[in-house]
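Before any comments, here is the structure.
Read-outs throughout are calculated quantities, based only on the coordinates presented, and are distinct from any laboratory measurement. Worth saying up front: this structure is predicted, and the values here are computed from it rather than measured. Here the Cβ positions follow ideal geometry from the backbone for every residue, glycine too, while neighbour counts run over all protein chains shown.
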Amino acid sequence: APTTSMSVSPSLDSAALSLIADSSLSDCKERLSSLPLLFYYRFASSLLDQASSLKNAFSDLQGKDQKQLQRQNIYILLFRYSTLYIEHISKHKQFNNDDALLVQNKIKHQKKVVEVLDEIEQLKKIIDKHAEAAKRKQEQQTAVTAAADDAATKMAAVALAAPPPPPPPPPP
């Protein structure tokens, strides 16, 4: 596998993409771990930027369903960020490197991941509350529909069980 130095630009270029292209799942993790830590930090920052954009657009949304979907999207992005940091960045072989740029990113993201974990916890509570309310509403609608179906079935049964109306009198 090709090696990369710290002087490599932290953007995913064709060389970086070819590093992981055409690899089996078994060696994909090994190839990904050979990517410079700056790639991971850039991706982490991108996730935070996307979540921030969604948060900024939140107040413009109309309707509970749109807002709930937006909350879920923000939650997913922040969850991905925290997972990326905890599972990959903090375990990367360059994580304890003394390079100034890496140290700067490390400090920034160590602080940010704590904030993000708190935000994820708050979002989860709100999302769960709305999901429970939606579930109750669906159960109520199902009960109303079932009651209406039962009433219609009973009315049909009564109509079928009733004796037929007498035939009309013969014309004179």
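Just to confirm a number: summing +1 for Lys and Arg and -1 for Asp and Glu over residues other than residue 134 whose beta-carbon lies under 14 angstrom from that of residue 134, what do you get?
Result for the neighbourhood of residue 134: +3.
Please give the contour-minus-distance gain from residue 46 to residue 83: 0.36 nm per residue of separation, less the Cα-Cα distance, rounded to one decimal in nm.
Residue separation times 0.36 nm, minus the Cα-Cα distance, leaves 11.9 nm.
Starting with the highest mean, order 135-141, 62-68 by the number of other Cβ atoms within 10 Å, averaged over the residues of each peptide.
Going from most to least packed, we get 62-68, 135-141.
Between the stretch 49-90 and the stretch 103-145, what is the separation of their alpha carbon centroids in Å?
10 Å
With viscosity set to 0.890 mPa s and temperature to 25 °C, compute the Stokes-Einstein D of the stretch 99-172, Rh being the Kirkwood radius across alpha carbon pairs; µm²/s, no decimals. Before the final figure, lay out the partial values.
On the way: Rh = 19.0 Å.
The Stokes-Einstein estimate is 129 µm²/s.
Each residue of the stretch 50-65 in order: what ³J(HN,Hα) in whole Hz does its phi give by Karplus 6.51 cos²θ - 1.76 cosθ + 1.60, θ = phi - 60°, with x for Gly and Pro?
5, 4, 5, 4, 5, 5, 5, 7, 4, 5, 7, 6, 10, x, 5, 5
Which value does Rg/Rh take for the stretch 25-157 over its C-alpha atoms, Rh per Kirkwood?
Reported Rg/Rh, Kirkwood definition of Rh: 1.25.
Treat each spin label as a single point 7 Å out from the Cα along the C-beta direction, and report the residue 58 to residue 155 distance in nm.
4.7 nm
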